[in-house]
1. Tell me, what is the percent relative contact order of the stretch 1-82, built from C-alpha pairs under 8 Å that lie six or more residues apart?
2. Longer than 29 Å from Cα to Cα, which of LYS99/LYS170; LYS99/LYS146; LYS79/LYS135; LYS79/LYS170; LYS59/LYS163 are they? Say none if no pair is.
3. Relative contact order for the chain: what percent, with Cα pairs under 8 Å and sequence separation of 6 or more?
4. With every protein chain left in place, what is the accessible area per residue of the chain in square angstrom, probe 1.4 Å?
5. Report in % the part of the accessible area of the chain that belongs to carbon and sulfur, leaving out ligands and nucleic acids; probe 1.4 Å.
6. Efficiency by 1/(1 + (r/R0)^6): what FRET value for GLN46 and GLU155, r their Cβ-Cβ distance, R0 = 41 Å, to the nearest 0.05?
7. Ranked by accessible surface with a 1.4 Å probe, highest first, in what order do TYR120, TYR78, TYR138 come?
8. According to the square roots a ≥ b ≥ c of the eigenvalues of the Cα gyration tensor, what is the shape class of the stretch 1-138, taking rounded for a/c under 1.5, prolate for a/b larger than b/c otherwise, and oblate for the remainder?
Amino acid sequence: MSEIVIFSGSTATLSGSEQVLRYFGSLLHERQFSVTHISVRDVPYQDLFDMNINSPKIKQMTALIENAHGILIGSPVYKGAYSGVLKAFIDLLPQDVLKHKPVLPIMTGGSPSHLLALEYTLKPLLATLKAHNLKGLYLLDQTINKQREIPIVDEETIQRARKQLDYFCKLVVHRQTTPI
């Protein structure tokens, strides 16, 4: 069973990006992947503010990410980029923490004008950690219903999301069976 870490960069407990990540987690679980959800809300704020890389919680979360076979990372768009608290956490991670790992970046936002936040902010950030970035997904808030079991309400968006998830799963399985 492959270990997948789903990491939420949202500070809200009921955000669209959080609900989409949880939905993807359930799809991965159905495919026999072991899934661990972590969130920026799990990090003690003082550790972030002090850049405390020796914090037991930071070390625990770093180990989960380092040992994962694949990562899904999501954030709502804030001021044209990912959340600031997500960046603060990523600044505490080792430079090559995502080396050769398939990473599916996901962002949600209220406007199509924020679509490029995925390409110009989140994906380059993940690339600095040596991630194997997938195409990624940008979902409009209007295509998400936070109260539904399947939060994506637009059928075309669901198909696009599942296609990306299928590709992610293939890369995770391939990475496990092929030496790096």
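The values are calculated or read from the model by the stated rules, or taken from the named source; none is laboratory data. Please read all numbers here as calculations on a predicted model, not as lab measurements. Heads up, the Cβs are rebuilt from the backbone with ideal geometry, glycines too, and the neighbour counts pull from every protein chain shown. SASA here: full protein model, heavy atoms, side chains in, ligands and nucleic acids out. Shrake-Rupley method; radii C 1.70, N 1.55, O 1.52, S 1.80 Å.
1. Numbers: 107 pairs, mean separation 39.8, N = 82.
Relative contact order, the stretch 1-82: 49 percent.
2. Details: LYS99/LYS170 17 Å; LYS99/LYS146 33 Å; LYS79/LYS135 22 Å; LYS79/LYS170 34 Å; LYS59/LYS163 33 Å.
With Cα atoms farther than 29 Å apart: LYS99/LYS146; LYS79/LYS170; LYS59/LYS163.
3. Details: 311 pairs, mean separation 42.8, N = 180.
Computed over the chain, the figure is 24 percent.
4. Numbers: 8970 Å² over 180 residues.
Value for the chain: 50 Å² per residue.
5. Numbers: 4790 of 8970 Å².
After summing per-atom areas, the C and S share lands at 53 percent.
6. Numbers: r = 44 Å, r/R0 = 1.08.
It comes out at approximately 0.40.
7. On the way: TYR120 160, TYR78 95, TYR138 20 Å².
The ordering from most to least exposed comes out as TYR120, TYR78, TYR138.
8. Numbers: a/c = 1.34, a/b = 1.07, b/c = 1.26.
The shape class here is rounded.
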